[in-house]
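Have a look at the structure below before the remarks.
A short reminder: the numbers here are calculations on the coordinates, not readings from a lab. No experiment lies behind these values; they were computed from the predicted model shown. Positions of Cβ are backbone-derived with ideal geometry, glycine not excepted, and every protein chain shown enters the neighbour counts.
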Amino acid sequence: MPSSSPSRRPTGRFAPSPTGILHLGNLRTALASWLSVRSRGGTWILRMEDVDTTRSRRALGEAQIRDLAALGMESDVPVLWQSDRVELYRMALARLERAGLLYPCQCSRKDLALLAAAPHEGDGLRPYPGRCRGAELRGGEGAALRFMLPPGQVAWVDLLLGSQLDDPMGLTGDPLLFRRDGCYAYHLTVVVDDGDQGVSEVVRGADLRSVTATQIRLQEALDLPRPGYAHLGLVTSPDGSRLGKREGALGVRALVERGVGVRELLGWLGWSLGCLDSPVPCLAEELIPGFSWGRVPTGPVAIPMSWR
């Protein structure tokens, strides 16, 4: 079973999509990733997931980089932009095709929307039911491509949540790797880039926990090492409900305009991650000694009432 080697230099990454500002949930995830590797003398990587050129904007990515730098978080290596790495994804897809692990999917967006809306048990989106499984790959069809998940459960350990056992077929179904519009899809690009960049630790929101087993299966198919994973509780409104559009738009600049300084923001973020006993203003580097996964809360965290 592929796994991350304990002898590897700790390498973490933060990989936002440049489609908007970094909100509080993004900033908390970035800081947790940064603190985790900094506390162990590791390398922190910033990667821009802009392979979807219909939604991503370079200017938004540059703004995200500046916001992170304002908080004291800068990449230890040149920032990677996925749009510059299309050939790498093409090669990975070709390898999966040679192994007989891909099939074309002709489902339209309407078809997928109807499948997702159908009644089902559990939370989240309905997994893809394998409607097009068995279809043969033929050149020039212009179809989307899906990865044929092998049967069985996947065991993995979350740095925050502990031992996990998931059946990826029941959570995501066969994942989309290549879209009909010619864009490489999230599951493929994130797995390829994590492997290529030597990422040993992936920190992200709890809303992405359900895709972990699927991505592990894809790592195995591509013979890539398995990183460690940590899934943070989401940031919520003061009453614990989902952030509204106005609250969800809170980023560094919006908070500064409301009178929340960078040090105050970092103090709250650090406190929410268990680094501080109270949310006192501080610098990012001052949070490093107090960070450990054992102190990070596993549940959601609510923004201060005064920040609404």
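Here the chain carries DSSP beta bridges of which approximately 40% are antiparallel, counting only pairs with both residues inside. Computed 3J(HN,Hα) for the stretch 11-16, one whole-Hz value per residue from the Karplus formula 6.51 cos²θ - 1.76 cosθ + 1.60 where θ = phi - 60°, is 9, x, 8, 10, 10, x, glycine and proline marked x. Protection proxy ranking of 258-269, 13-24, 295-306, 29-40, by the mean of other Cβ atoms within 10 Å over each peptide's residues and highest first, is 29-40, 13-24, 258-269, 295-306. For the chain, Cys107, Cys183, Cys275, Cys282 stand unpaired, since no other cysteine beta carbon lies under 4.7 Å from theirs. One quarter of the convex hull surface built on the alpha carbon atoms of the stretch 158-197 amounts to 4.2 nm², the projected area averaged over directions. Find which of Val79, Tyr89, Leu101 sits farthest along the positive direction of the dipole of the stretch 1-112, computed with +1 on the beta-carbon of Lys and Arg, -1 on that of Asp and Glu, about the Cα centre. Of the listed residues, the answer is Leu101. What residue among Arg204, Arg85, Arg226 has the largest mean-square fluctuation in a Gaussian network model of the chain, using Cα springs under 10 Å? Highest fluctuation among the options: Arg85. Just so you know, the averaged projected area of the alpha carbon convex hull for the stretch 220-308 sits at 8.0 nm². Ranked by the mean number of other Cβ atoms within 10 Å of their residues, highest first, the peptides 178-186, 156-164 come out as 178-186, 156-164. Residues whose amide H comes within less than 5 Å of that of Val301, counting only those at least five positions distant or on another chain, are Leu234, Val235, Thr236 (H built at 1.01 Å from N in the peptide plane). Taking the DSSP beta bridges with both ends in the stretch 146-245, the antiparallel portion is around 55 percent. Among Ser56, Ser200, Ser241, which one shows the highest mean-square fluctuation when the chain is modelled as a Gaussian network with alpha-carbon springs under 10 Å? The residue that fluctuates most here is Ser241. Secondary-structure-derived ellipticity at 222 nm for the chain, considering helices only, amounts to -9000 deg cm²/dmol, per-run term -39500 (n - 2.57) for DSSP H runs with n ≥ 4. With the convex hull drawn around the C-alpha atoms of the stretch 160-308, the volume per residue stands at 163 Å³.
Our coupling estimate for the stretch 252-267, obtained by passing each phi through the Karplus curve with A = 6.51, B = -1.76, C = 1.60 and θ = phi - 60°, is 4, 5, 5, 5, 4, 5, 8, x, 8, x, 4, 5, 5, 4, 5, x Hz, Gly and Pro reported as x. By DSSP, the beta bridges lying fully in the stretch 163-308 are antiparallel in about 10 percent of cases. A quarter of the convex hull surface defined by the alpha-carbon atoms of the chain gives 16.2 nm² as the mean projection. Near Trp81, the amide H atoms lying under 5 Å from its own belong to Met48; only residues 5 or more places off or on other chains count, and H is placed 1.01 Å from N.
Across Met48, Met91, Met148, mean-square fluctuation computed from a Gaussian network of the chain (C-alpha pairs under 10 Å connected) peaks at Met91. How many percent of Cα pairs in the stretch 151-221 exceed 20 Å? When all Cα pairs of the stretch 151-221 are counted, 31 percent exceed 20 Å.
Around the amide H of Val154, modelled in the peptide plane, lie the amide H atoms of Asp166, Asp167, all under 5 Å away and 5 or more residues distant in sequence or on another chain.
Evaluating 6.51 cos²θ - 1.76 cosθ + 1.60 at θ = phi - 60° for every residue in the stretch 176-191, the Karplus couplings come out as 6, 10, 9, 8, 5, 7, x, 8, 6, 8, 3, 4, 5, 5, 5, 5 Hz, glycine and proline recorded as x.
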